[in-house]
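Below is one structure, written out as structure tokens; comments come after it.
No value in this document is a laboratory result; all are computed from the given coordinates. Worth saying up front: this structure is predicted, and the values here are computed from it rather than measured. Please note: Cβ atoms are built from the backbone with ideal geometry, for glycine as well, and neighbour counts cover all protein chains shown.
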Amino acid sequence: MSRRRTLLAILDGMSTARVVLYGDMVLDRFVLGTPKRISREAPVIILRYEGQQDIPGGGANALANLAALDVEVLPVAAVGDDEPGRALRAQLDSRGIDTSHLLTVPQLTTPMKVRILGGGASSLKHQMARYDVEGRLGDHGPWIDRLRESLGQAAAGAGAVAISDYGYGTVTAAAIAGLSELRPRPPWLCLDSRYRLQDLDGVDAATPNLQELEAISGRRLTQDYEVADEAEALRRLLAARFVLTTRGNRGMTLIEEGSSPVHIPVYGTDEVADVTGAGDTVLAVLTAALAAGASPQDAAVLANLAGGIVVMKLGTATVSRDELRTAVLRSTQEPAP
């Protein structure tokens, strides 16, 4: 079967795939305004408020991407008993996502990233400032056992588990170890971790970006072979089956156990509109493809296509199966050894 037909078959298979998203939920809030004048109090632009848009962010963005792919997805996570938590729940409900395993923890301040965008009425709005409201689940409390119990229940029969660790306390090494001990064990455990990738072993796949891989290796990685060498070192450290490193306009590098490195060229233009949430999209598409029976290389190709699509959208965005299908039909890319 040709690569194109294989990829299209994988996309069709996503509609019957089941994926668990275990990770940190974040609300992305965009406050929109039109420039009014320069303030007399300070050299800043005053905006006339127009409204706001709430969008799932962080692990919730990966969750929204999975839903946009028509995957049956279950989130195992927590939100606070606060206005951002309720807004985030509403966003997930509006996408038809089953939130039966989403805990409400009164002690948690729901993480929120607020971006202030300004622009004329007939022009694109650009980000002028951002502030973060950060809350973290404590290391001790009844939610620890409840999350682990929910994770075991949700993962039963799942084709894959996507793990999205933004450092807000949901993801623990003990819970990942518990996933590995499940019988039957989910076929794929795919990890995206912002700050402690090397500490969360026992997974099948990891998706560091280049900056994260450089932080782990302690050096700049400018050549393909350098990226491949450090990704292989990370794969061995995690005892993973493969590592997929995202490299911006250099595409992606796949290191798979027992195989030569595969360098996948960037899809589309290297002039991007917005990289917000691109890593979440890559995690979602990669995990969905694996759950649909894809090989790591075919899953990586689809994730690369998705990354190229989503960075051309403004704000926190998702990719649909129809968009991926069009990209597969248009693309003639083949991985280069």
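Once the other residues with Cβ under 10 Å from the Cβ of Gly23 are scored (Lys, Arg +1; Asp, Glu -1), what is the net sum? Please list the in-between numbers first.
Details: positive: none; negative: Asp24, Asp165, Asp192, Asp280.
Local charge sum for Gly23: -4.
Think of each Lys and Arg Cβ as +1 and each Asp and Glu Cβ as -1; about the Cα centre, that makes the dipole of the chain roughly 780 debye.
Between amide H atoms placed 1.01 Å from N, distances below 5 Å from Asp201 occur with no residue 5 or more places distant or on a separate chain. Candidate cross-link partners of Lys113 among the lysines, defined by an alpha-carbon separation under 21 Å and a same-chain spacing of 8 or more, comprise Lys125, Lys313. Per-residue Karplus couplings for region 258-265, computed as 6.51 cos²θ - 1.76 cosθ + 1.60 with θ equal to phi - 60°, are listed in order as x, 10, 6, x, 10, 9, 9, x Hz, Gly and Pro entered as x. Using the Kirkwood radius built from alpha carbon pairs, what does the Stokes-Einstein equation give as D for region 1-156 at 10 °C and 1.306 mPa s, in µm² per second? Translational D for this selection: 89 µm²/s.
Of all DSSP beta bridges located in the chain, what percent are antiparallel, nearest 5? Could the numbers behind the result be given before it?
On the way: 29 of 60 bridges.
About 50 percent, rounded to the nearest 5.
Applying a 10 Å radius around every beta-carbon, put 238-248, 295-305, 123-133, 219-229 in order of their mean neighbour count, most first. Don't jump to the answer; show the numbers that get you there.
Details: 238-248: 21.6, 295-305: 24.0, 123-133: 12.5, 219-229: 14.5.
The densest-packed peptide leads the list: 295-305, 238-248, 219-229, 123-133.
Got a sec? Charge dipole of region 164-308, +1 on Cβ for Lys and Arg, -1 for Asp and Glu; which of Ala306, Ile176, Gln198 is way out at the positive end? Result: Ile176.
Size of the dipole of region 79-227 about the Cα centre, Lys and Arg at +1 and Asp and Glu at -1 on the beta carbon, nothing else charged, in debye to 20?
Details: 16 positive and 20 negative charges, 83 e Å.
Charge dipole, region 79-227, about its Cα centre: 400 debye, nearest 20.
For the chain, modelled as a GNM whose springs connect Cα atoms under 10 angstrom apart, the maximal fluctuation among Pro186, Pro261, Pro43 occurs at Pro43.
For region 228-242, 3J(HN,Hα) computed residue by residue from phi via the Karplus equation (6.51, -1.76, 1.60; θ = phi - 60°) reads 4, 5, 6, 5, 5, 4, 5, 4, 5, 4, 7, 6, 8, 7, 7 Hz, glycine and proline entered as x.
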